[in-house]
Amino acid sequence: MTTRILTTRMEEHPSDSNSMARYLDTGGYATLRHALASLSPEQVASEVKASNLRGRGGAGFPMGVKWGFLADSDPKYLVINADESEPGTFKDRQLLERDPHQLVEGIVLSSFALGIHRAFIYIRGEYPKAARRVQQAIEEAFEAGYLGADICGSGFSLDVSIHLGGGAYICGEETALLNSLEGRRGEPRLKPPFPAVAGLYSRPTIVNNVESLSNVPWIVANGGTAYSSIGPERSAGTRMFSLSGHVKKPGNYEIVMGMSWRDLIYGIGGGIRDGNELKTWIPGGASAPWLVPEHLDTPLTIDDVTALGTMLGSGAVVVMDQTTDVVAAAHSIVRFFAHESCGQCTPCREGTRWLQDILERILDGSGRPSDIDLLLDVSDNISPGLTWPPAMTTICPLGPSATAPIVSITKYFLDEVKAKIDGFEVAVG
């Protein structure tokens with residue numbers, strides 16, 4: 001299906017989809033004006049809950065249900081997670097750069113529904129253009145009366161400001177993001193308490209992803225039931241996927257949930273480049289366990305992918321062809337997570353570096369037959385049982401994320417790993 005909710009404006013008006021004039025010309029802020037004049041906060045929240053929209057930041061938790069956990073105590077805050085630091089993910093960047101007013105309208109509608117009067121947009125520091133575009137949209141919205149005091153004469157007020165991150169992957173985790181906003185080290189917090197009870201400045205806080213909030217204007221305009229009728233029941237709506245790697249047509253694509261991986265990779269993505277064969281792919285960002293060609297006909301739904309022991313995560317699909325050295329690919333991912341560990345938890349701080357060192361030893365030709373068991377043993381100490389969703393000995397999922405490529409290469413490509421280690425007899429043919 002070609003239903004578009006988030007990308008229509010940028011597809012039809014690519015030259016100026018970020019401008020206030022184009023947004024207004026295509027019906028922008030009409031939903032906000034209607035909601036403030038004719039709907040109660042409870043009615044707006046009810047539509048979002050009825051939509052069955054599951055968060056697009058990675059966890060996939062129902063957005064309306066999450067809103068329902070917000071403690072009724074002022075002041076309370078809305079924090080927009082625009083850190084997008086998961087390798088292979090670049091869909092929020094497109095939304096920020098090319099349709100920032102859609103996000104701003106979603107923020108105002110959500111804040112109205114939740115009784116919030118202060119919102120913060122946390123943008124990764126490596127997105128300067130996105131930050132400039134969003135800042136311009138905020139200023140234009142203030143000037144036009146869609147932000148600030150007494151919005152559209154409704155009596156509702158909202159202030160929104162931007163905070164640029166310092167480039168730490170871990171600040172994509174919501175509690176580490178809140179610590180960073182407060183001027184502290186970007187380290188995850190123990191939960192409970194959850195942010196909805198004690199978040200920013202220890203006040204009730206909702207943290208939502210850019211793509212999640214950008215859906216809100218459409219949902220409020222068309223009704224939650226209309227949104228929930230798009231796609232499968234438990235994976236309603238459209239979703240943006242960042243398709244990259246060894247495909248002919250990489251890019252961001254908004255699709256209706258429920259199509260198969262084959263349709264995404266070979267249909268939308270044009271197939272594998274240079275006439276090569278598909279070897280494996282990462283379905284939801286670097287922290288997700290990998291899939292292989294036998295999974296091509298699995299539907300793209302949160303539940304179907306979870307049943308395979310992995311996740312849709314951030315929507316980053318990284319495709320690898322037959323020429324890929326899977327040990328080198330796993331090492332690249334593990335090295336990233338070892339570098340980005342905040343160091344707070346010993347299993348993650350020490351374990352990710354152990355995994356990196358063992359993989360480097362194998363790649364250098366100095367691997368030992370015991371290294372495969374050692375990789376799995378270290379991984380098990382970080383994520384006991386090596387299942388998905390992961391059990392954790394750490395505060396946040398960063399450590400377990402580093403075990404995903406280890407589990408993947410030993411599950412699907414064990415002979416290839418053994419072939420790099422002296423002392424193994426590997427069957428050929």
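General observations
- Residue list for the stretch 257-307, restricted to those being polar (S, T, N, Q) and buried (at least 20 other Cβ atoms within 10 Å of the Cβ): Thr280, Ser287, Thr301
- Scanning the stretch 381-400 for residues that are surrounded by 17 or more Cβ atoms within 10 Å (Cβ to Cβ) and closer than 14 Å to Glu350 by Cα returns Ile382, Ser383, Thr393, Thr394, Leu398, Gly399, Pro400.
- Scanning the stretch 219-234 for residues that are crowded, with 23+ Cβ neighbours inside 10 Å and under 22 Å from Gly315 (Cα atoms) turns up Ile219, Tyr227, Gly231.
- Taking each residue of the stretch 191-206 that is surrounded by fewer than 16 Cβ atoms within 10 Å (Cβ to Cβ) and looking for partners that are in a loop (DSSP other than H, G, I, E, B) with beta-carbon atoms closer than 8 Å, six or more apart or interchain, yields Tyr201/Glu182.
- The one condition from (1) in contact with a helix residue (DSSP H, G or I) (Cβ under 9 Å, 6 or more places away or on another chain); (2) surrounded by fewer than 18 Cβ atoms within 10 Å (Cβ to Cβ) that Asp364 does not meet is (1).
- Failed criterion for Asp74 (all others in (1) crowded, with 19+ Cβ neighbours inside 10 Å; (2) farther than 28 Å from Ala286 by Cβ hold): (1)
- If only residues of the stretch 4-22 that are over 25 Å from the mean Cα position of the chain (by Cα) and not acidic (Asp, Glu) are counted, the one that is farthest from Leu213 (Cα to Cα) is Ser15.
- Among residues of the stretch 216-227 that are in a helix (DSSP H, G or I), those with a beta-carbon under 7 Å from a residue that is acidic (Asp, Glu) at least six positions away or on a different chain give the pairs Pro217/Glu105; Ile219/Glu47; Val220/Glu47; Gly224/Glu47.
- Counting only helices (runs of 4 or more DSSP H) wholly contained in the stretch 298-382, the ones carrying 3 or more residues that are in the same structural domain as Pro405 (by TED's automatic domain parsing) occupy 326-340, 346-363, 371-382.
- A single member of Glu277, Glu233 is charged (D, E, K, R) and under 20 Å from Gly58 (Cα atoms), and it is Glu233.
- Verdict on Gly166 being on the phi > 0 side of the Ramachandran plot, without any contact (Cβ under 8 Å) to a residue 60 or more places away in the chain and of a type in the set (Gly, Ala, Ser): no
- None of Leu32, Leu6, Leu78 is in a helix (DSSP H, G or I) and in contact (Cβ under 8 Å) with a residue 40 or more places away in the chain except Leu32.
- When the stretch 50-66 is filtered for residues that are part of a helix (DSSP H, G or I) and buried (at least 19 other Cβ atoms within 10 Å of the Cβ), the ones remaining, listed by number, are Met63, Gly64, Lys66.
- Output for the stretch 133-192, where each listed residue is out of contact with any Lys or Arg (no Cβ under 7 Å at 6 or more places or on another chain) and among the hydroxyl-bearing types (Ser, Thr, Tyr): Tyr146, Ser154, Ser157, Ser161, Tyr169, Ser180
The values are calculated or read from the model by the stated rules, or taken from the named source; none is laboratory data. All values derive from a computational prediction rather than experimental measurement. Cβ coordinates were reconstructed from backbone atoms using ideal geometry, including for glycine residues, and neighbour counts include every protein chain displayed.
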